[in-house]
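A short worksheet on the structure shown next.
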There are 2 protein chains.
Amino acid sequence: MDLTLQVLVSPEKLTLDQISGFCAAIARGGATVVQLRAKTDPIRAMIRYGQELREATRNEGLGFIVNDRVDVAMAVKADGVHVGQDDMPVPLVRAIAPNLLVGLSVSNLEEAHAARVQNPDYLGVGPIFPTFSKLDASAPTGVDQLAQICAMVDIPVVAIGGIGKLNVSQVWGYPIAGIAVISAVMSAEDKENACRSLRPENRGLTRR
Amino acid sequence: MDLTLQVLVSPEKLTLDQISGFCAAIARGGATVVQLRAKTDPIRAMIRYGQELREATRNEGLGFIVNDRVDVAMAVKADGVHVGQDDMPVPLVRAIAPNLLVGLSVSNLEEAHAARVQNPDYLGVGPIFPTFSKLDASAPTGVDQLAQICAMVDIPVVAIGGIGKLNVSQVWGYPIAGIAVISAVMSAEDKENACRSLRPENRGLTRR
């Protein structure tokens, strides 16, 4: 899966009938993955929403990852599941869903070190910068720790948290597989252009 | 699975270190299945608790069913999962967990009728009597509807809700596969005897 630009969505910020047009727009802008984060919704609503996202992402050639809920990820035939430090441990996810790509969130060096034995497919590292999109986020990781984590692990690293057009060039300076964003795209009027402006090649950057 | 006597447990009413002794006691009393109902617990606590229940039920020859969470049921290698009208639809449960026994809750004739196309392995019917163990329970089903549902479906029916030693004989008068209880066992000092007193053969009844 091309992890370059992942956009996190939730039913509060993107209604069911907006999904299809949204996926087309962000795909045009260069997004590569959509992640559904819908922790508090009833499961049937989550499944309905996830099925719609599955269809739209498939149509647009986007990857599709479900946050937290392995059962929902399996039920809607997502490509992957992203788990946090308090979610189902990666080895159990592998045991029940061997075909899913598994991402794991870490917020600091210690968690990144511990994550290696869990053997996820990629690490979500952050919040890199302070963020208001995730109220229970850890203290910011910062780019120095991001650099140290990239040097320490040999799986893809996705930087997440507080990344927007003002600081994205800074993040692309590290050997990351990609970035994940919420507000930078979801709060923008023009979501296609918001995605485009986040990709490294559109900022005159060469990826490391 | 012998569905004769199912006991529903949760971490609030049975602590982790009580699980082993509890399972031994209810097995001696004639319980056949334990169901874990822990909707609001963090998933890692749910898994830890479920793993303990899995081991204890296996040791005692009891079946083990997890309520609601298909991912937890799979992760702890339960024998089955029990879903409600608002949980993951049975066909999706089958698709992601083909080896799990699947129970489905219905509270009236209409739901029982609709349940037939979902094809669960058994129906949980109730609450038969008023209950205080499940705060969001539907209006009582009553024994007349229980009888009608038994006549309508050809899969095992498990009666649940408000069943205790004062009314259990009444329920055993219908062609049910078994009963499921919470308070009747969990509130009893002597859980072994509480189970024993609920079984039809110990009440001088012949099962239909």
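The values are calculated or read from the model by the stated rules, or taken from the named source; none is laboratory data. Computed from a predicted structure; not experimentally measured. Note that we place each Cβ from the backbone using ideal geometry, even for glycine, and neighbour counts take in every protein chain shown. Each accessible area value is taken on the protein alone, full model and side chains, heavy atoms only, with ligands, DNA and RNA left out. Shrake-Rupley method; radii C 1.70, N 1.55, O 1.52, S 1.80 Å.
Results for (1) touching a residue at least 24 places away in the same chain (Cβ under 8 Å); (2) open to solvent by 10 Å² or more (accessible area, probe 1.4 Å); (3) in contact with a helix residue (DSSP H, G or I) (Cβ under 9 Å, 6 or more places away or on another chain); (4) closer than 27 Å to residue B:199 by Cβ, shown as yes or no for each residue.
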{"position": "B:99", "(1), (2), (3), (4)": "no, yes, yes, no"}
{"position": "B:104", "(1), (2), (3), (4)": "no, no, yes, yes"}
{"position": "B:112", "(1), (2), (3), (4)": "yes, no, yes, yes"}
{"position": "B:122", "(1), (2), (3), (4)": "yes, no, no, yes"}
{"position": "B:130", "(1), (2), (3), (4)": "yes, yes, no, yes"}
{"position": "B:137", "(1), (2), (3), (4)": "yes, yes, no, yes"}
{"position": "B:143", "(1), (2), (3), (4)": "yes, yes, yes, yes"}
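Just one of (1) within 11 Å of chain B (Cβ to nearest Cβ); (2) modelled with pLDDT under 95; (3) within 17 Å of the chain's Cα centre (by Cα) trips up residue A:42, so point out which. For residue A:42, the exception is condition (3). Within the set B:158, B:185, B:181, the sole residue that is more than 28 Å from residue B:119 (Cβ to Cβ), modelled with pLDDT of 95 or more and surrounded by 18 or more Cβ atoms within 10 Å (Cβ to Cβ) turns out to be B:185. Looking across the stretch A:145-169, just one residue is among the charged types (D, E, K, R) and free of Cβ contacts under 8 Å to residues at least 12 places away in the same chain, and that is A:154. What do you reckon, is residue A:136 closer than 20 Å to residue A:89 by Cβ and part of a loop (DSSP other than H, G, I, E, B)? Yes; evaluated as a whole, the condition is true for this residue.
Checking each residue in the stretch B:78-107 for being assigned to a loop (DSSP other than H, G, I, E, B), touching a strand residue (DSSP E or B) at 6+ places or on another chain (Cβ under 9 Å) and farther than 18 Å from residue B:46 by Cβ picks out B:85, B:89, B:107.
Taking the numbered list (1) farther than 26 Å from residue B:12 by Cβ; (2) in contact (Cβ under 8 Å) with a residue 24 or more places away in the chain in turn, residue B:82 passes all entries but (1).
Just name the residue that is surrounded by the fewest Cβ atoms within 10 Å (Cβ to Cβ) out of those in the stretch A:145-155 that are assigned to a loop (DSSP other than H, G, I, E, B) and over 16 Å from the mean Cα position of the chain (by Cα). Filtering first and then ranking leaves A:154. In the stretch B:185-193, is there at least one residue being of a type in the set (A, V, I, L, M, F, W, C), assigned to a loop (DSSP other than H, G, I, E, B), over 16 Å from the mean Cα position of the chain (by Cα) and over 20 Å from residue B:9 (Cβ atoms)? Within the stretch B:185-193, not a single residue is of a type in the set (A, V, I, L, M, F, W, C), assigned to a loop (DSSP other than H, G, I, E, B), over 16 Å from the mean Cα position of the chain (by Cα) and over 20 Å from residue B:9 (Cβ atoms).
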